[in-house]
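Below is one structure, written out as structure tokens; comments come after it.
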Amino acid sequence: MVLKKKNKSRGKKFFEYWNFFPERKPKTFEYATGKLTVNKRGFGFVIPDDGTKDIFIERDSLGGALNGDKVKVMIEKNFGGGKNREGEVVEILEHSQEIFIGVLKSRKKSFWFEPDDEKIDLQIKIPHKDDDVEYFKTLRKAKIKIAVKILDWKSLRGEIVEVLGGKGEKGVDISSIILSHGVFEEFPAEVQEEASKVETEPSAEEISKRIDRRNLKIVTIDGDDAKDLDDGVFAEKIDGGYFLGVYIADVSFYVRPKTFLDKEAVNRGTSIYPVDRVVPMLPRELSNGICSLNAGVNRLAFACEMNLNLEGKVTSYKIFPTVIKVFRRLTYAQVNKFFELESSDELSDCAENLNTLLEIYKLRKKIREERGAIDFDLPELKIKLDEEGHPIELTKKFTGAAESLIEECMLAANETVAEHTLKKKIPSLYRVHEVPVAEKVETLNQLLAHFSLHIKKSKNPEPKDFQEILSKIKDTPAEKVISTFALRTMQQARYSSENLGHFGLAAEFYTHFTSPIRRYPDLIVHRMLRASLETPQEISKLAKNLDEFAKKSSERERRATDIERESVDLKSVEFMKPFVGKKFDAVISSVTNFGFFVELENGVEGLVRAASLHDDFYNYVESEFALIGSHRGKSFHIGDNVRVKLIEANVKLRQLTFELVQGVAAKD
């Protein structure tokens, strides 16, 4: 914790204001805590933990806090008589970042580090020995990217923890993003040593202890490049319904508590998937080797076998350790092609399994729809890179039948396991998604009003209320804008030791059981299941740290999401750089007081600055989600079609800047 002194100039500003308007002087100051977001121009906003309105922070009121830090803020309510809140940072509660990426600078024999991020105004001293001077000079002259860790915040001293390479070298840009979030790709030596000692195939002794499912024609269905294969599936028709078997890699057999492997898995929390690589949670000896459900070899697994009736409802189930031998390793592309052609010689040996899985998927989807589960059908950006790591193709990735049926099988297993742990009173971790905050639902309703739509209950809404809206806008021009805004209205899903239900899935019980190779909470769920079957006396001991694991896993998940999003943003901007000066049709995706963001047909987003709109002075009208001209009344609303020209693609800042060509989309 670092306590910062009160900013004198800020206090003087308040003092002078209150001299003129003494009736507005507050009797006491109000305080809030939250996350600080700093603009490249130096000012910032604090997003309060309590979900209330953002607090504006002037540059000279940051108190030394950096972008992403958790801070305590002294608020002056309605400063200047307006609706917006302003404040100053009085305490830094937690630094969000301790590793920074940048270059060395020097003067004589003194060296300091200058971060690449323009939002971070720091000069970090780098102590060194005489023997380091020439090497440091080489790094400085070549402008080699380095990673520096802060050793002491008061004196701003740091040390070089990694040398990344020269600007423009393959992979340095993505490595910089990964390291800036405190993630080291290489595993510590002690972790790697443990991994090297793990068996490369299951022992005959362990196989003999397990229920054998090697006779089933289990398949895995994943992306073309996937190597960490968590899950296999098998389905067949039985009297009165269906049999569905979901078989998940038994990682908990190999990663035991208090080992170096386990400690590192806790710290990483999840595998990370930037655009050009995988940063695994577990060493590749496990993630791609003994734990991965590779075809044609014996693998230890945890089974969740379910019997479903003709409507697709689970009527009975079994959860147990097993041994399997995957019959075929399939890809989403293969299976989607099989369903499109309705037959395929290539997949004839597993056609019955696939067709039954498709039937189950349709039944399970109908069940979820009837209970009101929310389906945000938003495509992801897919970026193809060349051998040098440069983007050469950018497309929208849509979900096909193959992806959907696997997801539905995993949902069924996750719900079944969650209900099982609750009924059997087995302590566990749950994936929870709470009811949206009423204030955010009301804001969404303000937007929906422009489309003659409305969510009936802002307090305690039901999932079906949102799904009804999404169904009404399906395949309309407003679909993407409203779906995205509705998604932002949701609370963030997280992990908890308490089952709180899953709002988005309209599920009373939900956990993560199906991806223990790449998610630590799934590994914990497996560990608790194993203890309930083999060593029930150990359950209470294993359950002691569940709250801590839930909190840390949720944080690590958010970190991974940030890294993945930043890598996509970086390569998207790099892809658009050759198109500077070109015109595009776009849709206004969000509006702010400094301009509006637009989304192109290929999925990339960028900013049209209000200052570039020269035909009028535009005011931001929050309730209208619009910029409205003061004199001519011309307006730009969220969801409007516009024609724009790309004027800047700033790869360093990962930002695209456009200017308006005309207010209605049209072809040249």
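Of the residues examined, residue 644 is not one that is over 19 Å from residue 481 (Cα atoms), β-branched (Val, Ile, Thr), in contact (Cβ under 8 Å) with a residue 60 or more places away in the chain and surrounded by 14 or more Cβ atoms within 10 Å (Cβ to Cβ). Scanning the stretch 72-82 for residues that are over 17 Å from residue 50 (Cβ atoms) and modelled with pLDDT of 55 or more turns up just one, 76.
Where helices (runs of 4 or more DSSP H) fall wholly inside the stretch 411-493, the ranges with 2 or more residues that are within 20 Å of the chain's Cα centre (by Cα) and closer than 15 Å to residue 504 by Cβ are 479-489. Of the residues making up the stretch 244-276, those that are open to solvent by less than 30 Å² (accessible area, probe 1.4 Å), hydrophobic (A, V, I, L, M, F, W, C) and over 30 Å from residue 538 (Cα atoms) number 2.
State whether one or more residues within the stretch 339-350 are open to solvent by 30 Å² or more (accessible area, probe 1.4 Å), in contact with a Leu (Cβ under 7 Å, 6 or more places away or on another chain), of a type in the set (A, V, I, L, M, F, W, C) and assigned to a helix (DSSP H, G or I). Within the stretch 339-350 (the criterion being open to solvent by 30 Å² or more (accessible area, probe 1.4 Å), in contact with a Leu (Cβ under 7 Å, 6 or more places away or on another chain), of a type in the set (A, V, I, L, M, F, W, C) and assigned to a helix (DSSP H, G or I)), the answer is yes, since at least one residue qualifies. Among the residues of this structure, residue 428 does not count as one that is closer than 19 Å to residue 336 by Cα and either touching an Asp or Glu at 6+ places or on another chain (Cβ under 9 Å) or of a type in the set (Gly, Ala, Ser) (or both).
The condition of being surrounded by 17 or more Cβ atoms within 10 Å (Cβ to Cβ), without any contact (Cβ under 8 Å) to a residue 60 or more places away in the chain and not β-branched (Val, Ile, Thr) holds for only one of 361, 317, 332, that being 361. Considering (1) more than 26 Å from the chain's Cα centre (by Cα); (2) hydroxyl-bearing (Ser, Thr, Tyr); (3) open to solvent by 40 Å² or more (accessible area, probe 1.4 Å), the lone condition that residue 618 does not fulfil carries the number (3). Please work out if residue 240 is surrounded by fewer than 16 Cβ atoms within 10 Å (Cβ to Cβ) and either on the phi > 0 side of the Ramachandran plot or not acidic (Asp, Glu) (or both). Answer is yes for this residue. Residues of the stretch 454-473 that are of a type in the set (D, E, K, R), touching a helix residue (DSSP H, G or I) at 6+ places or on another chain (Cβ under 8 Å) and either open to solvent by 100 Å² or more (accessible area, probe 1.4 Å) or modelled with pLDDT of 90 or more (or both): 456, 459.
Can you find a residue that is without any contact (Cβ under 8 Å) to a residue 24 or more places away in the chain, part of a helix (DSSP H, G or I) and open to solvent by 70 Å² or more (accessible area, probe 1.4 Å) anywhere in the stretch 174-190? Checked against the condition, which is being without any contact (Cβ under 8 Å) to a residue 24 or more places away in the chain, part of a helix (DSSP H, G or I) and open to solvent by 70 Å² or more (accessible area, probe 1.4 Å), the stretch 174-190 yields at least one hit.
Each row is one residue, and each column tells you yes or no for (1) more than 30 Å from residue 460 (Cα to Cα); (2) more than 21 Å from the chain's Cα centre (by Cα); (3) part of a loop (DSSP other than H, G, I, E, B).
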{"position": "515", "(1), (2), (3)": "yes, no, yes"}
{"position": "522", "(1), (2), (3)": "no, no, no"}
{"position": "526", "(1), (2), (3)": "yes, yes, no"}
{"position": "530", "(1), (2), (3)": "yes, yes, no"}
{"position": "533", "(1), (2), (3)": "yes, yes, no"}
{"position": "537", "(1), (2), (3)": "yes, yes, no"}
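For the stretch 537-550, the count of residues that are more than 26 Å from residue 209 (Cα to Cα), touching a residue at least 24 places away in the same chain (Cβ under 8 Å) and loosely packed, with under 15 Cβ neighbours inside 10 Å is nonzero.
The values are calculated or read from the model by the stated rules, or taken from the named source; none is laboratory data. Since this is a predicted model, take the numbers as computed values, not measurements. Please note: Cβ atoms are built from the backbone with ideal geometry, for glycine as well, and neighbour counts cover all protein chains shown. Keep in mind that these areas ignore ligands, DNA and RNA; they rest on the heavy atoms of the full protein, side chains included. Shrake-Rupley method; radii C 1.70, N 1.55, O 1.52, S 1.80 Å.
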